[in-house]
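Take a look at the structure set out below.
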Amino acid sequence: MEKRWRCTVCGYIHRGETAPEICPVCGVGAGKFELLEDEGDSKPASTAHKGIFQEMADSFMPHAVMAHFPNALLPTLLLFLFLYLAVGLETLDHGIYLLLGLVPLSVLATLVTGIYSWRHHYDGVKGRIFHRKLIFGGCLVLISFEMFLLRYNNPELLTSGDSVTWFFLALAGAALFCVTMLGHYGGLLVFGQVEKNRGKFD
């Protein structure tokens, strides 16, 4: 029977006679892998029934919660931008301004909780996936604050149609790209990576 190894840092499952030299998800060495005895070992069993609030208190992860805010706010911001440019409704501009104030705060909180989670739940592993998440997170913070400052200093930003307007829209596209990539790499950490020899998720 083929052996199964689990990365104790990110949870990646490897199949083979020995553990991989390097985890393809988080980049730790073979020493961080544990051998799974059977299929049941890959998922911890619940030892007792817990209420929803006790369960949350025992396993609450701020970063997992905070990551949903920019993931929702940024697409909403782009939708409002598109609708405003299409129909010119003034109330949409007010909503855009409000979102531009909320997005940088939520992104900064997500980055801070992400760094905390990386250090406390993943042992601060200097793997490729964490480096990329930090880079995209930092870029997203800078982009979102720049977008807010542009709108704050230029109330007619979306109607002027000059180079600053196009720069603002390019920043909005870059922000959406960053949040998409952050979601992608977060998904790799949570759900694992496609096994090269199996072509499937564990």
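Details
- Which numbered condition Gly88 fails, given (1) touching a helix residue (DSSP H, G or I) at 6+ places or on another chain (Cβ under 9 Å); (2) at negative phi: (2)
- Taking the criterion of being more than 15 Å from Leu169 (Cβ to Cβ) and buried (at least 17 other Cβ atoms within 10 Å of the Cβ), the only residue of the range 72-91 that qualifies is Leu73.
- When His120 is tested against the conditions (1) surrounded by fewer than 20 Cβ atoms within 10 Å (Cβ to Cβ); (2) farther than 24 Å from Met181 by Cα, the lone failure is (2).
- Any chance His63 is loosely packed, with under 13 Cβ neighbours inside 10 Å and assigned to a helix (DSSP H, G or I): no
- Of all residue pairs spaced 6 or more apart or on separate chains, those with beta-carbon atoms under 9 Å, a first member in the range 132-160 that is more than 15 Å from Tyr97 (Cβ to Cβ) and a second member that is among the polar types (S, T, N, Q) and not in a helix (DSSP H, G or I) are Ser160/Asn154.
Residues checked against (1) within 12 Å of the chain's Cα centre (by Cα); (2) among the hydroxyl-bearing types (Ser, Thr, Tyr); (3) in the same structural domain as Met181 (by TED's automatic domain parsing):
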| site | (1), (2), (3) |
| --- | --- |
| Leu79 | no, no, yes |
| Ala86 | no, no, yes |
| Tyr97 | no, yes, yes |
| Leu111 | yes, no, yes |
| Ile135 | yes, no, yes |
| Arg151 | no, no, yes |
| Ser160 | no, yes, yes |
| Thr165 | no, yes, yes |
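- Elements of type helices (runs of 4 or more DSSP H) in the range 108-202, at least 3 residues being modelled with pLDDT of 90 or more: 128-153, 163-191
- Only a single criterion out of (1) touching a helix residue (DSSP H, G or I) at 6+ places or on another chain (Cβ under 9 Å); (2) exposed (fewer than 13 other Cβ atoms within 10 Å of the Cβ); (3) not aromatic (Phe, Trp, Tyr) is not satisfied by Ala170, namely (1).
Here is a yes/no grid of residues against (1) of a type in the set (Val, Ile, Thr); (2) farther than 22 Å from Gly187 by Cα; (3) surrounded by fewer than 16 Cβ atoms within 10 Å (Cβ to Cβ); (4) free of Cβ contacts under 8 Å to residues at least 24 places away in the same chain:
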residue: Lys3; (1), (2), (3), (4): no, yes, yes, no
residue: Cys7; (1), (2), (3), (4): no, no, no, no
residue: Gly11; (1), (2), (3), (4): no, no, no, no
residue: Arg15; (1), (2), (3), (4): no, no, yes, no
residue: Cys23; (1), (2), (3), (4): no, no, no, no
residue: Gly29; (1), (2), (3), (4): no, no, yes, yes
residue: Phe33; (1), (2), (3), (4): no, no, no, no
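- Residue tally, condition touching a residue at least 24 places away in the same chain (Cβ under 8 Å) and of a type in the set (D, E, K, R), over the range 71-123: 2
The values are calculated or read from the model by the stated rules, or taken from the named source; none is laboratory data. The model shown is predicted, which means the values in this text are computed figures rather than measured ones. Using ideal geometry, Cβ is built from the backbone for each residue, glycine included, and neighbour counts are taken over all protein chains shown.
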